């Protein structure tokens, strides 16, 4: 690896230590997610549609690719993973059905949970910011609340 400056060597070290030689696809995807979440911390930059399409594209594509890889590599191992080791024989069917339903619902939950959390966070931030226009006392309350949260985070 050619070291041009400290930033290049830092990125190279992160790439080697975290991804250990995997393709830059994962690195670019993680950086895209990081930048998207950081942009959503700015007021009025949130878009329902863009965020939902992004989440659906990332989570659904990864879920389908993982599903296809596991099914085509070893079908028996895939279906055997629905019944944990040590499960009594008389409840294997119920556990298998429950695990199958959980496996099918997982991508929906992985799409909805961040969508709801970040949506409510963005709209809550806007609502709190708009309180400052009502009265100047809200600014003082928000500053005190901010320092309280920082104090709690430090402890």
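All of the numbers you see were taken from the coordinates with simple rules; none came from a lab. Source: prediction; values computed, not measured. As a convention, Cβ positions derive from the backbone with ideal geometry for all residues, glycine included, and neighbour counts pool all protein chains shown.
Any chance you could run the full-extension gain for residue 137 through residue 64? It's 0.36 nm times the residue separation minus the Cα-Cα distance, nm to one decimal.
Working: separation 73, 0.36 × 73 = 26.28 nm, distance 5.14 nm.
Answer, rounded to one decimal: 21.1 nm.
Per 0.36 nm of contour for each residue apart, how much would the distance between residue 119 and residue 45 grow if the chain were fully extended, relative to their Cα-Cα spacing? Could the numbers behind the result be given before it?
Numbers: separation 74, 0.36 × 74 = 26.64 nm, distance 1.13 nm.
Answer, rounded to one decimal: 25.5 nm.
Cα extents of the chain along the three principal axes, largest first, in whole Å?
66, 52, 37
FRET efficiency for residue 80 and residue 149, Cβ-Cβ distance as r, R0 = 41 Å, nearest 0.05?
Computed FRET efficiency for residue 80 and residue 149 comes out at 0.30.
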